[in-house]
Amino acid sequence: MTRGELMTAGHRGRLRAAGVEAESLDATEWRVVTDPLPEWWHEDGNVLYFAEGADLASEIIETLTMIPVRNVLIAIGSEMHLFRSLLIGGDDAIVFIDQNVKLTAGEVYCGAESTVVLHGPVTATRCAIIDARNGGSIVAGPDQLWAANVYVATDDMHRLEDRTTGERINPFGAHIRIGSHVWLGRDAVITGHSDVGDGVVVAQLSMVRGQKIANYAAVAGIPARVVRENVGWTEADTP
């Protein structure tokens, strides 16, 4: 892929406003990708940046440009050859994937005026799905370990309402923050307006939905409940 000019100050500012840490932006040179993106992509104010060593498979580039969009900002910092899909669902979407992010068979969807920010390192072992829509946001801090089939989504994709009042009762355009050094177990779900603190462990088959989880807690169940406080975890499997 052909790479051109360095990231503009305006785009840096937009990423910072979306929740990208300055250290991640400053750690490398970000250069705009010119080819093989179609002319309309550039003409409509969309931009794709790569850091040094970053890449996307050609089929992902093809699907990325299937839907006409405007003012989309994407920055990719990692080699994403094991990544499955990156879909943009509307105008003004922002996606930032930092260096040292591994999403094996992972999928990212970002809707109109929505945000996905993944600070590295992230290791998602298989089939993680990250889905932000309806103006919502997902911002994950560095040092994530996600087991297979993790699902992080701002919304349920469909409206659920009270039949008497007509009031919507499920999330819409929610904001999710995942702190640093977080371990999500297999089939864990984070959805709705949720704030997961630093050092948290979310057990297998558990759901955090519209909750605030304090730092260094282990949670389990549906909905998630604290089962232990003041925990620490490491990727090393030691006695």
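Data table
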quantity	calculated
Qualifying residue in segment 68-76 (condition: closer than 18 Å to GLY4 by Cα and either small (Gly, Ala, Ser) or open to solvent by 10 Å² or more (accessible area, probe 1.4 Å) (or both))	yes
Answer residue from segment 36-53, given it is loosely packed, with under 13 Cβ neighbours inside 10 Å and within 18 Å of THR8 (Cα to Cα) and is modelled with the lowest pLDDT among those	GLU52
Every pair of residues 6+ apart whose Cβ atoms lie under 6 Å, when the first sits in segment 215-238 and is surrounded by fewer than 14 Cβ atoms within 10 Å (Cβ to Cβ) while the second is of a type in the set (Lys, Arg)	PRO223/ARG209
Strands (runs of 3 or more DSSP E) contained entirely in segment 127-175, each with at least 1 residues that are open to solvent by 10 Å² or more (accessible area, probe 1.4 Å), free of Cβ contacts under 8 Å to residues at least 60 places away in the same chain and closer than 15 Å to ASP187 by Cβ	129-132, 151-153
Members of segment 91-105 that are in contact (Cβ under 8 Å) with a residue 24 or more places away in the chain and closer than 23 Å to HIS158 by Cβ	ALA93
Subset tally (residues that are out of contact with any Leu (no Cβ under 9 Å at 6 or more places or on another chain) and farther than 12 Å from VAL182 by Cα) for segment 215-231	8
Residue within segment 198-205 that is surrounded by fewer than 20 Cβ atoms within 10 Å (Cβ to Cβ), outside any loop (DSSP other than H, G, I, E, B) and touching a residue at least 12 places away in the same chain (Cβ under 8 Å) present	no
Segment 73-116 - residue that is among the hydroxyl-bearing types (Ser, Thr, Tyr) and farther than 19 Å from PRO142 by Cα and, of those, modelled with the lowest pLDDT	SER85
Count of residues meeting criterion [small (Gly, Ala, Ser), modelled with pLDDT of 95 or more and not in a helix (DSSP H, G or I)] in segment 3-24	2
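The values are calculated or read from the model by the stated rules, or taken from the named source; none is laboratory data. From a predicted model like this one, the values you see are computed outputs, not experimental measurements. All Cβ positions, glycine included, derive from the backbone under ideal geometry; neighbour counts span all protein chains shown. When the accessible area is computed, the model is the full protein with side chains, heavy atoms only, and any ligands, DNA or RNA have been set aside. Shrake-Rupley method; radii C 1.70, N 1.55, O 1.52, S 1.80 Å.
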